[in-house]
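J.: Quick one: this structure, given as structure tokens, is what I'll be asking you about.
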Amino acid sequence: MKTALITGVHGFIGRNLAAHLNQRPDVRVLRYDLDNTDAELAAMAAEADVIFHLAGVNRPQDPSQFSTGNVGLTESLCRVLTERRCRPLVIFSSSIQAECDNAYGRSKRRAEEVLRQFADQSGAALAIFRLKNVFGKWCRPNYNSVVATFCHHVAHDLPIEISDPDRQLELIHVDDVIAAFLATMDCPTSVPHPDHINSYTLTLGDLAGRIQFFHEMRRSLAAPDFSVRFNQQLYSTYLSYLEPSQCEYGLNVNSDARGSLAEFLKSPTFGQIFVSQTRPGVTRGNHYHHVKTEKFLVLAGSGLIRLRRIDSDETHEIPVRGADYRVVDIPPGYTHSIANVGPGEMVTLFWASEPFDPDRPDTYFLPVELRAAA
């Protein structure tokens, strides 16, 4: 079993890393942050097989804290390791700002130099990741992440400020960073190059637009293209800024004598999902489609699905029950219906291969049972 020390464990990346390492039965996690003492740091560092050095300062009230928080802590860590002749793998979370001539960048660059000197003298393995614009759950808004700030403000119906919508951003997701960290821990002789962490480039305006789209999903029911990994990661980040009390919402329910029906979600890429409650003895449908296809799944109650190809007299009947979780495909060119044949309400989940378009509905009334047409 490996022992891993995380410095800055209460920070954004630290919290996410700890959550991933907690899933590893082969890793024991030691945690260091501002509430620990120097003696505790020394004791933990001496036990560690790998140190994820994430602690640091990037927006202090006093600029002198750049030196104490980024350089001083790193020097203390290396001094302890040298005194105790420890040679753990050190994985350092640096910043792309280390390439810049500002107080923060200079402090991160100096911390890198301290670590390289320790590694050269001790023979310890060292991996330095110069990270840029990391986003994901638990990042602090109104601090140093535009993604966190936009997500928090939009989730809470607060205005956002966009200084330059055309400004380009390069973003990386925290889970991709952690995947690179863990790959380094598991195989320190094959350290992933920081440039190999998957990144996304988009404009500030595009970023704001996507987050606003997520906010409108509850009203529009339109989902983004989740085959795009960035949309998955950004949407999950947005949801992480909702308060628990904001996590529930209602659907627009259409009710009539047959029961009720509500759309749930739709997208040009996967179609449309809706759900219905049907009263006993009621039949829905009696229509067909040329291209659109559907799937029916009865979740509660008992139903009877009838199908007839529009150029045939032969009717097919398929009994369905909520207890069975049986899905029925509705092919194109078949008029179809679903009847509630049970004593109570029938709940059905429907999927259609395309969202309903009133200008091109591809839905044509035609009774399944020929005697009903006479």
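J.: Are any residues in the range 120-143 part of a loop (DSSP other than H, G, I, E, B) and farther than 30 Å from residue 208 by Cα, and if so, which ones? Outline the logic, then answer.
T.: Residues of the range 120-143 that are part of a loop (DSSP other than H, G, I, E, B), as a first pass: 123-125, 132-133, 136-143.
The answer is 123, 124, 125.
J.: So, residue 12, is that one under 28 Å from the mean Cα position of the chain (by Cα), of a type outside the set (D, E, K, R) and surrounded by fewer than 22 Cβ atoms within 10 Å (Cβ to Cβ) or not? Give the steps one after another, and end with the answer.
T.: Details: under 28 Å from the mean Cα position of the chain (by Cα): yes; of a type outside the set (D, E, K, R): yes; surrounded by fewer than 22 Cβ atoms within 10 Å (Cβ to Cβ): yes.
Yes; evaluated as a whole, the condition is true for this residue.
J.: Further, regarding this structure: Applying the selection to the range 165-187, what residues are of a type outside the set (A, V, I, L, M, F, W, C), open to solvent by 10 Å² or more (accessible area, probe 1.4 Å) and at pLDDT below 95? Step through it out loud before you land on a result.
T.: Of all residues in the range 165-187, those of a type outside the set (A, V, I, L, M, F, W, C) come to 165-168, 170, 173, 175-176, 184, 186.
Imposing the further condition that a residue be open to solvent by 10 Å² or more (accessible area, probe 1.4 Å) reduces the set to 165-168, 170, 173, 175-176, 186.
Residue satisfying the conditions is 186 alone.
J.: Based on what the data block shows, is residue 24 modelled with pLDDT under 95, assigned to a loop (DSSP other than H, G, I, E, B) and surrounded by fewer than 17 Cβ atoms within 10 Å (Cβ to Cβ)?
T.: Working: modelled with pLDDT under 95: no; assigned to a loop (DSSP other than H, G, I, E, B): yes; surrounded by fewer than 17 Cβ atoms within 10 Å (Cβ to Cβ): yes.
Considered against the rule, which asks whether it is modelled with pLDDT under 95, assigned to a loop (DSSP other than H, G, I, E, B) and surrounded by fewer than 17 Cβ atoms within 10 Å (Cβ to Cβ), residue 24 comes out as no.
J.: Can you pull out the residues in the range 345-357 that are open to solvent by 30 Å² or more (accessible area, probe 1.4 Å) and closer than 16 Å to residue 283 by Cβ?
T.: 345, 347
J.: Oh, and also: If I go through the range 268-294 residue by residue, how many of them are part of a loop (DSSP other than H, G, I, E, B) and either more than 29 Å from the chain's Cα centre (by Cα) or among the hydroxyl-bearing types (Ser, Thr, Tyr) (or both)?
T.: As a first pass, look at the range 268-294 and keep what is part of a loop (DSSP other than H, G, I, E, B): 268-270, 279-282, 289-293.
Those left that are additionally either more than 29 Å from the chain's Cα centre (by Cα) or among the hydroxyl-bearing types (Ser, Thr, Tyr) (or both): 269, 279-282, 289-293.
Total meeting the criteria: 10.
Listed here are the residues, each with its yes/no results for (1) touching a residue at least 40 places away in the same chain (Cβ under 8 Å); (2) within 25 Å of residue 217 (Cα to Cα); (3) out of contact with any Ser or Thr (no Cβ under 9 Å at 6 or more places or on another chain).
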| residue | (1), (2), (3) |
| --- | --- |
| 110 | yes, no, no |
| 120 | no, no, yes |
| 125 | yes, no, no |
| 129 | yes, no, no |
| 132 | yes, no, no |
| 156 | yes, yes, yes |
| 167 | no, no, no |
| 179 | no, no, yes |
| 184 | yes, no, no |
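J.: I've got another one for you. When you go through 7, 68, 82 one by one, which is the residue that is closer than 27 Å to residue 139 by Cβ and open to solvent by 30 Å² or more (accessible area, probe 1.4 Å)?
T.: On the way: 7 fails: open to solvent by 30 Å² or more (accessible area, probe 1.4 Å); 82 fails: closer than 27 Å to residue 139 by Cβ.
So the residue among 7, 68, 82 that is closer than 27 Å to residue 139 by Cβ and open to solvent by 30 Å² or more (accessible area, probe 1.4 Å) is 68.
J.: Please specify each residue of the range 203-238 satisfying the condition of being more than 11 Å from the chain's Cα centre (by Cα), farther than 12 Å from residue 154 by Cβ, hydrophobic (A, V, I, L, M, F, W, C) and open to solvent by less than 30 Å² (accessible area, probe 1.4 Å). Walk me through how you get there before you give the answer.
T.: Initial filter on the range 203-238 (more than 11 Å from the chain's Cα centre (by Cα)): 203-225, 227-228.
From what is left, the residues that are farther than 12 Å from residue 154 by Cβ are 203-206, 218-225, 227-228.
If we keep only those that are hydrophobic (A, V, I, L, M, F, W, C) as well, we get 204, 221-223, 228.
204, 221, 222, 223, listed by residue number.
J.: What residue, of 119, 148, is closer than 30 Å to residue 206 by Cα and either open to solvent by 40 Å² or more (accessible area, probe 1.4 Å) or modelled with pLDDT of 95 or more (or both)? Spell out the reasoning first.
T.: Values: 119 fails: closer than 30 Å to residue 206 by Cα.
From the options 119, 148, the qualifying one is 148.
J.: Only one of these conditions is not met by residue 330: (1) more than 22 Å from residue 253 (Cα to Cα); (2) open to solvent by 40 Å² or more (accessible area, probe 1.4 Å); (3) β-branched (Val, Ile, Thr). Which number is it?
T.: (2)
J.: Which of (1) aromatic (Phe, Trp, Tyr); (2) touching a residue at least 24 places away in the same chain (Cβ under 8 Å); (3) assigned to a helix (DSSP H, G or I); (4) closer than 24 Å to residue 163 by Cα does residue 241 not meet, given it meets every other one?
T.: Looking at each condition in turn, residue 241 falls short on (3).
J.: Additional query: Tally the residues that are open to solvent by less than 50 Å² (accessible area, probe 1.4 Å) and not aliphatic (A, V, I, L, M), restricting the search to the range 124-135.
T.: Matching residues across the range 124-135 total 2.
J.: So which residues in the range 302-312 are farther than 12 Å from residue 369 by Cβ and either under 40 Å from the mean Cα position of the chain (by Cα) or open to solvent by less than 90 Å² (accessible area, probe 1.4 Å) (or both)?
T.: From the range 302-312, those farther than 12 Å from residue 369 by Cβ are 302-303, 305, 309-312; that's our starting set.
Result: 302, 303, 305, 310, 312.
J.: Still on this structure, please answer the following. Scan the range 318-327 for residues that are touching a Ser or Thr at 6+ places or on another chain (Cβ under 8 Å) and open to solvent by 70 Å² or more (accessible area, probe 1.4 Å) and jot them down. Steps first, answer last, please.
T.: To start, the set of residues in the range 318-327 that are touching a Ser or Thr at 6+ places or on another chain (Cβ under 8 Å) comprises 319-322.
Hits for the range 318-327 are 319, 321.
J.: Further, regarding this structure: Given the structure, is residue 315 open to solvent by 30 Å² or more (accessible area, probe 1.4 Å), closer than 19 Å to residue 341 by Cβ, modelled with pLDDT of 95 or more and β-branched (Val, Ile, Thr)? Can you show your working first?
T.: Values: open to solvent by 30 Å² or more (accessible area, probe 1.4 Å): yes; closer than 19 Å to residue 341 by Cβ: yes; modelled with pLDDT of 95 or more: yes; β-branched (Val, Ile, Thr): yes.
Yes; evaluated as a whole, the condition is true for this residue.
J.: Any chance the range 256-267 includes a residue that's surrounded by 18 or more Cβ atoms within 10 Å (Cβ to Cβ), farther than 21 Å from residue 343 by Cβ and among the aromatic types (Phe, Trp, Tyr)?
T.: Looking for residues that are surrounded by 18 or more Cβ atoms within 10 Å (Cβ to Cβ), farther than 21 Å from residue 343 by Cβ and among the aromatic types (Phe, Trp, Tyr), one finds none in the range 256-267, hence no.
J.: Residue check, residue 60 against (1) in contact with a Leu (Cβ under 9 Å, 6 or more places away or on another chain); (2) closer than 23 Å to residue 96 by Cβ, all met but one. Which one?
T.: (1)
The values are calculated or read from the model by the stated rules, or taken from the named source; none is laboratory data. The model shown is predicted, which means the values in this text are computed figures rather than measured ones. No Cβ is skipped: glycine too gets one built from the backbone with ideal geometry, and neighbour counts run over all protein chains shown. What goes into the accessible areas is simple: the full protein's heavy atoms, side chains included, and nothing from ligands, DNA or RNA. Shrake-Rupley method; radii C 1.70, N 1.55, O 1.52, S 1.80 Å.
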